[in-house]
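A quick write-up on the structure given underneath.
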Amino acid sequence: MRRILIVVLSVLFLFATCAFADSVTIENPSFETLPPGGLNIAWPEGGPYSLTNIPGWTNSGVSGQWQPVKGAGQFDTLPSLTVALTNGPMISQTISGLAANTFYTFSVEIGLRKDLPANSIGQAAIVIGSGINATTLYALGTAPTAGSWSTFTLTFNTGDSSAVTIELLNPGIAQADFDNVLLTATPEPSSLILLGTGLIGFAGAIRRKLSR
């Protein structure tokens, strides 16, 4: 009986997760789509890179893509083959067609090169709206140690806006590195409470039925 109850609850939880966690399309979210000509600057000790526009993103200042060599003096771990780099001030992408007054969760991996100072850790932000009415919210996370990566996240409500802008920023004096940008629709907190209450009630009903 307990095994059946666990299976039923697992299916319900999976259904609820799929229903509420819908991914939003982001162009080139892990930066694996390379620019025309590819990574055209050779760096034998650290891996090839480019300093041209990143496909799908708007470059402000000097930005590009890079395929670091793991353990070569910059990173001990790598989230994927290709990462984004910016020497400032940022790269950005506007996502339109979002549902108004809806909660979304934004996440991105931020790295810290071993050969650069700690103030080269990047920042990630969501800008809701535009102009003087724009609201900027910053993703939070544990700062990566030298040579590693850390996931920064933010849950926000779109309010009356149907578009947001993702900004990957370099607030320091050296290179900032980013990877794996993700945006998903998430349930409103009150909806989670209602869902949890419903699941508990449903589980109780199944338990009573199976115990007869």
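Laboratory data are not the source of any read-out in this text; all were calculated from the coordinates shown. Remember, predicted model here, so these are calculated numbers, not experimental data. Glycine gets a Cβ as well: all are built from the backbone with ideal geometry, and neighbour counts include every protein chain shown.
So here's what we get for this one:
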| quantity | calculated |
| --- | --- |
| Local electrostatic count, THR94, Cβ distance below 13 Å [Lys/Arg +1, Asp/Glu -1] | -2 |
| Mean Cβ count within 10 Å, highest first, over the residues of peptides 175-187, 142-154 | 175-187, 142-154 |
| Label-point separation, TYR138 to ILE26 (7 Å along Cα→Cβ), nm | 1.8 nm |
| Residue-wise HN-Hα coupling along region 87-92, computed from phi with Karplus coefficients 6.51, -1.76, 1.60 (Hz; x: Gly, Pro) | 8, x, x, 5, 10, 8 |
| Amide proton proximity set for TRP149, modelled H, under 5 Å, gap of 5+ | none |
| Distance-filtered residues of region 133-176 - backbone nitrogen under 13 Å, label point 7 angstrom along ALA100 Cα→Cβ | 158-163 |
| Under the Karplus curve 6.51 cos²θ - 1.76 cosθ + 1.60, θ = phi - 60°, whole-Hz ³J(HN,Hα) for region 29-41, x wherever Gly or Pro sits | x, 10, 6, 7, 6, 8, x, x, x, x, 8, 9, 10 |
| Förster radius 30 Å - calculated FRET efficiency between ALA118 and THR155 (Cβ-Cβ, nearest 0.05) | 0.65 |
| Packing-based ranking, highest mean first, of 73-79, 42-48, 130-136 given that Cβ atoms within 10 Å are counted | 73-79, 42-48, 130-136 |
